[in-house]
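What follows draws every value from the coordinates through simple rules; no lab data is involved. This structure is a prediction, so every number in the text was calculated from the model and none was measured. Here the Cβ positions follow ideal geometry from the backbone for every residue, glycine too, while neighbour counts run over all protein chains shown.
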Amino acid sequence: MTTSQARAARADEVPSAPPPAPATRQEVEAARSDPKQANILYHDWEASTYDEKWSISYDERCIDYARDRFALVAGRDGWPYATALELGCGTGFFSLNLVSGGVIARDGLAVTDISPGMVEVAVRNAKSLGLDVEGRVADAERLPFDDDSFDLVVGHAVLHHIPDLDTTVREILRVLKPGGRFVFAGEPTRHGDFLARRLSRLTWWATTNVTRLPGLRGLRKPQHDLDASSEAAALEAVVDLHTFPPADLVALGERNGAVDVRVETEELTASWFGWPTRTFEAAVRTEKLPVRYFFAAFHTWQRLAWMDENVWRHVVPQGLFYNALISGRKPADQKPAAGRKPGGPA
Ligand SMILES: C[S@@+](CC[C@H](N)C(=O)[O-])C[C@H]1O[C@@H](n2cnc3c(N)ncnc32)[C@H](O)[C@@H]1O
């Protein structure tokens, strides 16, 4: 995801977690045919290194990034939301930065994820920011909260991992208070993802071959690290279930009872640059790269993102951009017909 460039900063304030428990070969094989199990395995595995891998931080840059994404698709009315729930919170990147950015009240946040390892890190990150956040392990398709509990439900880069999105949207509307809002950002569009994956594969192939050449061998990662990355990428392919034409996201919200549904997209040339860059960095020994490389990469990404937002957005069709954001509301005067109490059948 090219948002890594946007949130690029080292997470110095995050205490180090214990090393991830290695998954057995049997677990990995079983997970290949069970996307939820694959999500738990893959994200538990990633939890302790996730902030570093994606350059997630809890400072001004990521606060601005999260707050601006929210404002782009949902505006600035109603801040701070008194009570909020995050689905697929990971290490807390989106909601913790929304709290710091004044979008969510400091004492009103609950975070959930299907991966216990992620919930543990998110709660630890919240503590390091002085926040008292409730963390629960929960599948987004079956939320362990009462009807009408929250003013806001948010998520970042999570919808594309969830098998049954209709059930999930109905669950979101069930736990929202009447008139409450949902905001999901960082979802891959169909065209954007198609191109990004091809660019990444090409970059991986080129980098792993070029670094065999004399003179560039010093950049090459040890073979077992490259093999581990390939194994992780194979599991990543199992956990990535959906890509979205923007109109499909609108239809998803509306057919399940949401109102005021709106979709925005962003990152065109920034994603063409960002994905190969991230892939290149995954394939080489980054400690051998000069510091100016990282500055140059980040500033290039920023300039391209600026062009995307201020120029290309006005002339290029929405579906060609990489990142989709969706927001909508639960009707103020009605509850969704297919709601359920927590613990009941999904
Ligand atoms: C790509 S990560 C994004 C994490 C975080 N939101 C961020 O942007 O950094 C997707 C997260 O969704 C979680 N997830 C996947 N399937 C889920 C489900 N069915 N219910 C809840 N969380 C899920 C994963 O465990 C993972 O932490």
Looking only at residues that are β-branched (V, I, T) and farther than 30 Å from G108 by Cβ in segment 176-209, which one is surrounded by the most Cβ atoms within 10 Å (Cβ to Cβ)?
T189
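Please find, within segment 240-281, the residue that is farthest from the chain's Cα centre (by Cα) out of those that are small (G, A, S) and surrounded by fewer than 22 Cβ atoms within 10 Å (Cβ to Cβ). Talk me through it step by step, then tell me what you get.
Here is the first cut: in segment 240-281, the residues small (G, A, S) are 247, 251, 253, 257-258, 270-271, 274.
If we keep only those that are surrounded by fewer than 22 Cβ atoms within 10 Å (Cβ to Cβ) too, we end up with 247, 251, 257.
Values: A247: 20, A251: 21, G257: 24 Å.
Only one residue tops the list, namely G257.
Taking the condition among the hydrophobic types (A, V, I, L, M, F, W, C), surrounded by 14 or more Cβ atoms within 10 Å (Cβ to Cβ) and more than 13 Å from the ligand (Cβ to nearest atom), does A82 pass? Give the derivation first.
Details: among the hydrophobic types (A, V, I, L, M, F, W, C): yes; surrounded by 14 or more Cβ atoms within 10 Å (Cβ to Cβ): no; more than 13 Å from the ligand (Cβ to nearest atom): yes.
For A82, the condition - among the hydrophobic types (A, V, I, L, M, F, W, C), surrounded by 14 or more Cβ atoms within 10 Å (Cβ to Cβ) and more than 13 Å from the ligand (Cβ to nearest atom) - is not met.
Please determine, by comparing only the residues of segment 52-64 that are surrounded by fewer than 24 Cβ atoms within 10 Å (Cβ to Cβ) and either basic (K, R) or in a helix (DSSP H, G or I) (or both), which one is nearest to the ligand (Cβ to nearest atom). Outline the logic, then answer.
As a first pass, look at segment 52-64 and keep what is surrounded by fewer than 24 Cβ atoms within 10 Å (Cβ to Cβ): 52-55, 57, 59-61, 63-64.
From what's left, either basic (K, R) or in a helix (DSSP H, G or I) (or both): 52-53, 60-61, 63-64.
Details: E52: 12, K53: 10, E60: 18, R61: 14, I63: 14, D64: 15 Å.
Step by step, filter segment 52-64, then rank; the result is K53.
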State which residue pairs qualify: first residue more than 7 Å from the ligand (Cβ to nearest atom) and inside segment 86-102, second residue among the basic types (K, R) in any location, beta carbons under 8 Å apart, and separation of 6 or more residues or different chains.
N97/R67; L98/R67; V99/R106; G101/R67; G102/R67
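Yes/no per residue for (1) surrounded by fewer than 19 Cβ atoms within 10 Å (Cβ to Cβ); (2) of a type in the set (A, V, I, L, M); (3) within 14 Å of the ligand (Cβ to nearest atom):
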{"site": "V111", "(1), (2), (3)": "no, yes, yes"}
{"site": "A126", "(1), (2), (3)": "no, yes, yes"}
{"site": "D132", "(1), (2), (3)": "yes, no, no"}
{"site": "R142", "(1), (2), (3)": "yes, no, yes"}
{"site": "L152", "(1), (2), (3)": "no, yes, no"}
{"site": "T168", "(1), (2), (3)": "no, no, yes"}
Looking across segment 299-316 at residues that are buried (at least 19 other Cβ atoms within 10 Å of the Cβ) and out of contact with any strand residue (DSSP E or B) (no Cβ under 8 Å at 6 or more places or on another chain), the single one that is nearest to R220 (Cα to Cα) is W301
Is it the case that segment 155-168 has a residue that's out of contact with any strand residue (DSSP E or B) (no Cβ under 7 Å at 6 or more places or on another chain), polar (S, T, N, Q) and under 27 Å from T286 (Cα atoms)?
no
